[in-house]
Number of protein chains: 2
Amino acid sequence: MGSSVAFEILSRSGSARQGRLTTPHGVVETPAFMPVGTQGAVKGLLHRDLHELGASILLSNTYHLYLRPGDGLIARLGGLHAFIGWPGPILTDSGGYQAFSLSARRDIDENGITFRSHLDGSLHDLTPERAVDIQRNLGSDIAMALDECLAHPASHAEAQASMERTLRWAARSRHRFLSPPDRPVNPGSALFGIVQGGVFPDLRRASADATVAQGFEGYAIGGLSVGEPADVMYDIVSQTAPLLPDEQPRYLMGVGTPLDIVEAVARGIDLFDCVLPTRNGRNGQLFTREGRLNIKNAQYAEDPRPADEGCGCYTCGHFSRAYLRHLHLAGEIASASLNTLHNLHFYLDTMRRIREAIVFGSLEELRQAFRQAYSPRSIDSGQP
Amino acid sequence: MGSSVAFEILSRSGSARQGRLTTPHGVVETPAFMPVGTQGAVKGLLHRDLHELGASILLSNTYHLYLRPGDGLIARLGGLHAFIGWPGPILTDSGGYQAFSLSARRDIDENGITFRSHLDGSLHDLTPERAVDIQRNLGSDIAMALDECLAHPASHAEAQASMERTLRWAARSRHRFLSPPDRPVNPGSALFGIVQGGVFPDLRRASADATVAQGFEGYAIGGLSVGEPADVMYDIVSQTAPLLPDEQPRYLMGVGTPLDIVEAVARGIDLFDCVLPTRNGRNGQLFTREGRLNIKNAQYAEDPRPADEGCGCYTCGHFSRAYLRHLHLAGEIASASLNTLHNLHFYLDTMRRIREAIVFGSLEELRQAFRQAYSPRSIDSGQP
């Protein structure tokens, strides 16, 4: 049974595309940001908050769900959508990145990744085939092929070897994906391939060409936002995106700041995910139109203004910086919730503004506004 | 300027009363349960969740707000209602109980309580006058007189000495309350007196008579639910409630389980507060019509049913026991939120059922149902 995931481009502005991604669980207007629901919940929010914010697609992490509660349990309960009560589209990663970064110990060879659980030290094998099988049990609408995660910085030789292994793993993933189980949880799901190659243009080109030749329903650019300068990332995206099929969705994994997203959209990217709005919200950092705001700063102790004047979210409509600062210092759960609510509203609203700007031909003006608010200086100083 | 807090009894069933408490910030249908928002937020929920659940009045803790962010700051920002963005009625305690139980060190003498902050070790004096002044700065609709908290068990002599000191403190509190500041935050607020006397009927009678003679806008029964058997508590309530003015509101502080509340309503109590629905929710314990349910139990790992079948809350309408268990074991914030949402729905729905039962003369049937579901055995086993 073939994938029922489809992509349609409705409008263009330079390299930017405004489109519609159709999945078995609903439609996603692109460019889109996927809030991260690592363990089947977005930290600090309820699903109904996400619906209200206009989130159309969630990202969940295969590594976490595989270890707890287990993909078998989730499949028996009808798949991830049913288990977590999220009726809309879900994308899952392959689990590779977390197996590399979170597990107690891991070994990588041609077969796959052997790792010890960060929860209980138990030993696990994650192969390309297993990553597909687990995501099949989860029943996500979009699954990702297992790739090898390259540390930054890496030499050209290291990056090449890793990229070539990722290609071999992609072929195995694709083969497994095209051998469906008897009763798939989500028959119409799609599998995306991932372009690797570090910061080396020749490797990125080789990876893109060979991955595209394998024929996936969409393509991701992986291995960016891992410590390289923003300019390097933008250059790699500029160079790689045009190598991917125009008529298929493009996903820039793990990116990024609001400015990163606008810059990547202008270079032809359609899908994003990042923990920044949720994690930074829990740490008291709020994204605003003027830049970042650290709510714990003493200057906000008696500030009656909302975090972001002119913002239409529940947090800004009802609560002062003074109260948000108090909740943060007091360690209240409501601090995480209200900050996350605002930050995700900001991100999702940014995506709406981006889509509108593509349609109306004003993306360049939006980009200038974000460059102003989210220049490296304003980010580093932590102040608008 | 006099208090604008008023109380009206609309219906009776035996000793139980169904009434309406009018405050400067709105009306409370009684018997009522006050969710605890210790530091100006109910742990795990947003105010809009509370509105949706039908919470009409919040309790906040003077000790916490006095220490952080400070009652002066809150007054400068317009009082607690404005500061926390809760437009409805608020009751504050006196801060005495937390100064006794939470502070790093405390000394009590006739003047008041000297304690060290649990936050930074700083030294503070809480006198009856100061407790009124702080609550005036907060601008709560109902303030509580400072009382001395008696440890359980206590001898008759200890309980008598403590009760008599509480009476002297009550007189000082009342005197201060009737000397209003130039620009009160909440001019129409009320002050409630507290009946003490431990488990000794003669002391409870003496305390009730003398406290009522001082003339408050309402009366609380304090010093219960501190470790004494439930029967003893019920007996003290049975004996004390009729000693309080029939036409004024009666508040049983810090109580209790759903059964405790039904039993106390049947004995003439109008107001309740307790951390059980919120704290137990965070610990994975859910209140249901059949009794308590510990969501972490392995038996729920693949249970597709809602926590409480037939419950109309968001949690039960959308999520399975299996998912709630997963969220709890994974330490997700959504676990605290969904469990708290359900538990507070259960408590507030219980109050609605109680009010209805008083009106329709069916309180005894409701009491039997709660006795069945919340007998000590079912409570202690942690299972329905």
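The values are calculated or read from the model by the stated rules, or taken from the named source; none is laboratory data. The structure presented is a predicted model; accordingly, all values stated were derived computationally and were not measured. Cβ atoms come from the backbone with ideal geometry, glycine included; neighbour counts cover every protein chain shown. With ligands, DNA and RNA removed, areas are computed over all heavy atoms of the protein, side chains included. Shrake-Rupley method; radii C 1.70, N 1.55, O 1.52, S 1.80 Å.
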Helix A:156-177 sits at what angle to the longest principal axis of chain A, using alpha carbons and giving 0 to 90 degrees rounded to 10?
70 degrees
With θ set to phi - 60° and the Karplus curve 6.51 cos²θ - 1.76 cosθ + 1.60, what are the ³J(HN,Hα) couplings of segment A:23-34 in order, to the nearest whole Hz, using x for Gly and Pro?
10, x, 10, x, 9, 10, 6, 10, x, 10, 10, 9
Would you tell me which residue of chain A has the beta carbon closest to the rotation axis bringing chain A onto chain B, and how many whole Å away it is?
A:Ile333, 3
What translational diffusion coefficient, in µm²/s and rounded to a whole number, does the Stokes-Einstein relation yield for chain B at 37 °C and a viscosity of 0.692 mPa s, taking the hydrodynamic radius as the Kirkwood radius over Cα pairs?
155 µm²/s
Which Rg and Dmax, in Å, describe the Cα atoms of the protein assembly as shown?
29.8, 91
For Cα pairs less than 8 Å apart in space and 6+ apart in sequence, what is the mean separation divided by the residue count of segment A:1-92, i.e. the relative contact order in percent?
24 percent
Using Cα pairs under 8 angstrom and six or more residues apart, how large is the relative contact order of segment B:179-226, in percent?
43 percent
Accessible area of segment A:54-116 belonging to carbon and sulfur atoms, whole % at 1.4 Å probe:
47 percent
Just want to confirm a number: the relative contact order over chain B, from Cα pairs under 8 angstrom separated by 6+ residues, in percent.
17 percent
Average beta carbon contacts from partner chains per residue of A:41-47, 10 Å cutoff
6
Residues of segment B:292-321 that bury at least 30 Å² of accessible area, probe 1.4 Å, when all protein chains are present rather than the chain alone, are B:Glu302, B:Tyr314, B:Phe319
Average accessible area per residue (Å²) across chain A - probe 1.4 Å, nucleic acids and ligands excluded:
36 Å²
At q = 0.18 Å⁻¹, what log₁₀ I(q)/I(0) does a Debye calculation on the Cα points of segment B:153-284 give, no solvent, two decimals?
-1.00
Using a label position 7 Å from Cα in the Cα→Cβ direction, what is the ascending list of nm distances from A:Ser375 to the same site in the other copies?
7.4
Using a 10 Å cut-off around each Cβ of peptide A:337-350, what is the average number of partner chain Cβ atoms that fall inside?
1
Which residues qualify? For B:Asp273, with a placed amide H closer than 5 Å and at least 5 residues away or on another chain, they are B:Met34, B:Gly254, B:Val255
State, to one decimal in nm and shortest first, how far the label point of B:Arg68 sits from each corresponding label point in the other identical copies (label point: 7 angstrom along Cα-to-Cβ).
2.7
Which ³J(HN,Hα) values in Hz, rounded to whole numbers, follow from the phi angles of segment A:318-335 under the Karplus curve 6.51 cos²θ - 1.76 cosθ + 1.60, where θ = phi - 60° and Gly and Pro get x?
10, 9, 8, 4, 4, 5, 4, 5, 4, 4, 5, 5, 7, x, 6, 4, 4, 5
Do any cysteines of chain B lack a neighbour Cys whose Cβ is under 4.7 Å away, and which are they?
B:Cys149, B:Cys274, B:Cys313
Given a Förster distance of 51 Å, report the FRET efficiency between B:Ser362 and A:Glu290 from their Cβ-Cβ distance, rounded to the nearest 0.05.
0.30
Using modelled amide H (1.01 Å from N, peptide plane; none on Pro or chain starts), what sits under 5 Å from the amide H of B:Leu126, excluding residues fewer than 5 places away?
B:Ile113, B:Thr114, B:Phe115
Per the helix-only model, the protein assembly as shown has a calculated mean residue ellipticity at 222 nm (DSSP H runs of ≥4, -39500 (n - 2.57) each, divided over all residues, rounded to the nearest 500) of -12000 deg cm²/dmol
Label 7 Å beyond Cα on the Cβ vector: A:His118 copy-to-copy distances, nm:
3.1
Residues meeting the amide H criterion for B:Ala190 (H placed from the backbone, H to H distance under 5 Å, 5 or more places apart or on another chain) are B:Ile142, B:Ala143
Give me the accessible area buried between chains A and B, both sides summed, with a 1.4 Å probe, in Å² rounded to the nearest 100.
3400 Å²
Just want the answer: with Cβ charges of +1 for Lys and Arg and -1 for Asp and Glu, which residue in A:Tyr234, A:His175, A:Leu102 is farthest toward the dipole's positive end in chain A?
A:Leu102
Calculate the dipole size of segment B:224-272 relative to its Cα centre from +1 charges on Lys and Arg beta carbons and -1 charges on Asp and Glu beta carbons; express the result in debye to the nearest 20.
80 debye
Which value, in debye to the nearest 20, describes the size of the charge dipole of segment B:1-90 about its Cα centre when Lys and Arg Cβ atoms bear +1, Asp and Glu Cβ atoms bear -1, and nothing else is charged?
100 debye
Alpha-carbon Rg with Dmax, taken over segment B:254-296, Å
11.5, 37
Please list, in order along segment A:243-257, the HN-Hα scalar couplings obtained from phi with the Karplus expression 6.51 cos²θ - 1.76 cosθ + 1.60 (θ = phi - 60°), rounded to whole Hz, x for Gly and Pro.
7, 8, x, 4, 8, 10, x, 10, 10, 9, 6, x, 10, x, 6
What's the magnitude of the charge dipole for chain A around its Cα centre, counting Lys and Arg as +1 and Asp and Glu as -1 at the beta-carbon? Answer in Debye, nearest 20.
540 debye
tail above 18 Å in the computed P(r) of segment B:1-138, as % of all Cα-Cα pairs, reads 60 percent
What are the extents of the Cα atoms of segment A:222-306 along their three principal axes, listed from largest to smallest and rounded to whole Å?
53, 24, 19
Under the Kirkwood approximation for Rh and a Cα-based Rg, what ratio Rg/Rh is obtained for segment A:247-354?
1.03
R0 of 60 Å, Cβ-Cβ distance A:Asp231-B:His152: FRET efficiency to nearest 0.05
0.30
13 Å Cα-Cα reach of A:Lys43 towards aspartates and glutamates, excluding residues that sit fewer than 8 places from it in its own chain:
B:Glu332
With 0.36 nm assigned to each residue of separation and the Cα-Cα distance removed, A:Ala213 to A:Asp133 gains 26.5 nm
